[in-house]
Amino acid sequence: MNKKPIAIFTAILIILFLTAGHLAALAPNTVGFKMGYTHNQLRGKETGADLTIKKIATNGLAIGLVANFNINSWLYFQPEFLYFQKGGKYDVQVPLPVSIPGFQVNVIDTRSLEYLEIPLLLKVSLPVKFPVQPTFLTGISFGLKLRGNLENQVNISISGYNIPYIRTEDVTSQLKSIEPSYVIGGGFDIKLGRTRVAIDQRFSFGLTTNDYETVIPASYFQAIGIPVSQDITYRIQMYNYVFQLAVTFFF
């Protein structure tokens, strides 16, 4: 793991620890409802497997509640409680267990992942005398797995013929129960009378991989006359990377 995010996390945790006593005595200064868009990508860790992978992004949803605790006039502790969609798509050229002239297998895997996401953030609001205040936020986030689904599109090519094979699979068991991420971003707070609207964009970098295994059964190939004697199996370790754009309406 890169040492720079570790140093940032350590500093954030120290600040949260030092301010925990003050925060415990406070109710949230404001509570808001958040809804946003996620742009998701799975990034693979090198495993040594003989795989050629092309990454493709997917889109998702983030929705939930946000609270602000004032530490001082420009610094906030901002916990969030979100339903959060991650995942991604990748195109894999699969190594084959047999050598047959003109025989290739290309797979497009789409993983749709759902989490209960709990970001714990520090938010800096620049003290300017305007209705629109620039903000910066950073912190850690913990994703609690809810559900994972795989859509497996297998494209078999042999002697100029293409044979599609599509299946779906529940892959919840392949997800880590708790997935930590590093979050960094910023945006604007807009004062509208007694209410406030926050617009922010942020990047979330997964710190642990999910270990995925995809199996294409040999029986499928045998059923269409291709003499494959064993299942085609490949394993990939993937990090969740997410770009998020969201709007929060504070009450």
| With a sphere of radius 13 Å drawn around the Cβ of G148, what net charge do the other residues whose Cβ falls strictly inside it have (Lys, Arg +1; Asp, Glu -1)? | -3
| message | Using Cβ contacts closer than 10 Å as the measure, can you line up E213, E179 from fewest to most? | response | E213, E179
| Distance from the Cα centre of segment 200-248 to that of segment 93-142, in angstrom? | 14 Å
| Under 15 Å between alpha carbons - lysine pairs in segment 52-170 that sit 8 or more apart or on different chains | 4
| query | GNM, the chain, Cα, under 10 Å: largest mean-square fluctuation among I53, I158, I184? | reply | I158
| task | Would you work out the relative contact order for segment 75-116, in percent, from Cα pairs under 8 angstrom that are 6 or more residues apart? | result | 51 percent
| query | If we count every other residue with Cβ under 9 angstrom of I56's Cβ, Lys/Arg +1 and Asp/Glu -1, where does the sum land? | reply | +2
| So what is the relative contact order of the chain, in percent, for Cα pairs below 8 Å that sit 6 or more residues apart? | 20 percent
| remark: Treating every alpha carbon of the chain as one equal point scatterer without solvent, the Debye formula yields log10 I(q)/I(0) values at q = 0.14, 0.16 Å⁻¹ of -0.92, -1.11
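Laboratory data are not the source of any read-out in this text; all were calculated from the coordinates shown. From a predicted model like this one, the values you see are computed outputs, not experimental measurements. Heads up, the Cβs are rebuilt from the backbone with ideal geometry, glycines too, and the neighbour counts pull from every protein chain shown.
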